[in-house]
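A.B. asks: Handing you this structure, nothing more for now.
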Amino acid sequence: QRGGAPRMVAEYDPSLPPALVDPDRMMQVALNLLRNATEALAREARSPADPRGPALIRLRTHYDGSVRAEDGAALPLQMEIEDDGPGIPDAIADQIFEPFVSGRENGTGLGLALVGKIVTEHGGRIHVDSRPGRTVFRVSLPIARQPAEQGES
């Protein structure tokens, strides 16, 4: 028994300023990360009597002014997708954003490589923290510059 569909919890910060992103491509990032979380949870057999309850996916947005790109640029807009599944296998944890690396039996290993490429192309970064029982993918993005700032360098 798989325990059914995961429970989804959304925690959105409605006060976030706009990000300068292609909404269709960011939707692709979010859907890909959500699909990966769902598939990871489906691979973990969880009985209805499991003390952890039903499988959980949390989608969270928030502001974190401390996050910076390697060049020091601010990346304060955060989107996190967290699941309480088995975690990323140690053997591939350091390479999950590389093409053709997959933790699934028939996976192509292209999904997370594409996610990483899209986030990077938007001036952002993606980080993963994973252990059994908690995997969090965090996408960090810059704020869209205001019209008065467009001429500044």
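The values are calculated or read from the model by the stated rules, or taken from the named source; none is laboratory data. Please read these numbers as outputs of a predicted model, since none were measured by experiment. Every residue, glycine among them, receives a Cβ derived from its backbone with ideal geometry; neighbour counts consider all protein chains shown. Just so you know, the surface numbers come from the protein's heavy atoms only, side chains and all, with ligands and any DNA or RNA stripped out. Shrake-Rupley method; radii C 1.70, N 1.55, O 1.52, S 1.80 Å.
A.B. asks: Can you tell me which residues in segment 36-49 are open to solvent by less than 30 Å² (accessible area, probe 1.4 Å), modelled with pLDDT of 70 or more and of a type outside the set (Gly, Ala, Ser)?
C.D. replies: Leu41
A.B. asks: Moving to a separate point now. Of the residues Leu75, Leu34, Leu41, which single one is closer than 25 Å to Arg145 by Cα, in contact (Cβ under 8 Å) with a residue 24 or more places away in the chain and aliphatic (A, V, I, L, M)?
C.D. replies: Leu75
A.B. asks: Also: Search segment 1-27 for residues being within 26 Å of Pro54 (Cα to Cα) and either in contact (Cβ under 8 Å) with a residue 60 or more places away in the chain or hydroxyl-bearing (Ser, Thr, Tyr) (or both), and hand back the single one that is least open to solvent (accessible area, probe 1.4 Å). Talk me through it step by step, then tell me what you get.
C.D. replies: In the first step, residues of segment 1-27 are kept if they are within 26 Å of Pro54 (Cα to Cα); the result is 1-13, 27.
In the following step, the residues that additionally are either in contact (Cβ under 8 Å) with a residue 60 or more places away in the chain or hydroxyl-bearing (Ser, Thr, Tyr) (or both) were identified as 6, 12.
On the way: Pro6: 34, Tyr12: 140 Å².
Here the residue is Pro6.
A.B. asks: Could you check Leu31 against (1) farther than 20 Å from Gly116 by Cα; (2) open to solvent by 30 Å² or more (accessible area, probe 1.4 Å); (3) among the hydrophobic types (A, V, I, L, M, F, W, C); (4) not in a loop (DSSP other than H, G, I, E, B) and say which number it fails?
C.D. replies: (1)
A.B. asks: Restricting to segment 50-61, name every residue that is surrounded by fewer than 17 Cβ atoms within 10 Å (Cβ to Cβ) and part of a loop (DSSP other than H, G, I, E, B).
C.D. replies: The answer is Asp50, Pro51, Arg52, Gly53, Pro54.
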